[in-house]
Amino acid sequence: MMRGIGVMAASALFITACASVPAPTEQMTLSRAAVTEATNAGSSEYAPAQLKTAMDKMGAAEQAMSEKKYVQARNLAEQAQVDAQLALATARAAKEKKAADALHEDDRALREEMNRNAK
């Protein structure tokens, strides 16, 4: 009888230990870095909605971490990382488009000047 209780207690302890979810510290670090990179790349100017979404989700992930809700924290951190990557890509694309538009305008102005000088 005592042996059976001991086995059940050990089994319960083992199941509880296996069921506990570790803190997603690595994911949190990756997500923070992604939000920082997006911010530094000018996403606040070129992709403010995406950046705000990423920052809001990162804040919610931080809150979940402090409450030891690790599954929720991981999910929110992963979402924040994806949103930050979207903001970064959007900002880079907008900057590249702006640079391309400037080159096209310079090209147009140069052609116009060449045509005037040719006459």
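Among all residue pairs at least 6 apart or on different chains, which show Cβ distances below 6 Å where the first residue, located in region 34-52, is among the hydroxyl-bearing types (Ser, Thr, Tyr) and the second is assigned to a helix (DSSP H, G or I) and surrounded by fewer than 21 Cβ atoms within 10 Å (Cβ to Cβ)?
46/94
I'm told residue 21 meets every condition in (1) at pLDDT below 95; (2) part of a helix (DSSP H, G or I) except one. Can you identify the failing condition by its number?
It fails just one condition, (2).
Select from region 43-79 the residues that are in a loop (DSSP other than H, G, I, E, B) and buried (at least 20 other Cβ atoms within 10 Å of the Cβ) and list them in ascending order. Break it down into steps so the answer makes sense when it comes.
At the first step, the residues of region 43-79 found to be in a loop (DSSP other than H, G, I, E, B) are 47, 67-69.
Answer for region 43-79, where residues must be in a loop (DSSP other than H, G, I, E, B) and buried (at least 20 other Cβ atoms within 10 Å of the Cβ): just 47.
Go over the candidates 99, 94 one by one and state the one that is at negative phi and exposed (fewer than 11 other Cβ atoms within 10 Å of the Cβ). Break it down into steps so the answer makes sense when it comes.
Details: 94 fails: exposed (fewer than 11 other Cβ atoms within 10 Å of the Cβ).
Selected residue: 99, the only one of 99, 94 that is at negative phi and exposed (fewer than 11 other Cβ atoms within 10 Å of the Cβ).
Can you tell me how many residues within region 22-42 are surrounded by 12 or more Cβ atoms within 10 Å (Cβ to Cβ) and either within 15 Å of residue 73 (Cα to Cα) or of a type in the set (A, V, I, L, M, F, W, C) (or both)? Lay out the reasoning, then the answer.
Applying the first criterion (surrounded by 12 or more Cβ atoms within 10 Å (Cβ to Cβ)) to region 22-42 yields 23-25, 27-28, 30-39, 41-42.
Those left that are additionally either within 15 Å of residue 73 (Cα to Cα) or of a type in the set (A, V, I, L, M, F, W, C) (or both): 23-25, 27-28, 30-35, 38, 41.
So the answer is 13.
So which pairs qualify, if the first residue must be in region 58-81 and at negative phi, the second must be in a helix (DSSP H, G or I) and basic (Lys, Arg), the Cβ gap must be under 6 Å, and the two must be at least 6 apart or on different chains?
Sorted first by the residue in region 58-81, then by its partner, the pairs are 76/57; 79/57; 80/57.
Mind checking which residues of region 58-101 are of a type in the set (Lys, Arg), modelled with pLDDT of 95 or more and over 10 Å from residue 31 (Cα atoms)?
Of region 58-101, the ones of a type in the set (Lys, Arg) are 68-69, 74, 92, 95, 97-98.
Narrowing the set further to residues that are modelled with pLDDT of 95 or more leaves 68-69, 74, 92.
Those that are of a type in the set (Lys, Arg), modelled with pLDDT of 95 or more and over 10 Å from residue 31 (Cα atoms): 68, 69, 92.
The values are calculated or read from the model by the stated rules, or taken from the named source; none is laboratory data. On a predicted model such as this, the values are computed, not experimentally measured, just so you know. Every residue, glycine as well, gets a Cβ built from its backbone with ideal geometry; the counts of neighbours run over all protein chains shown.
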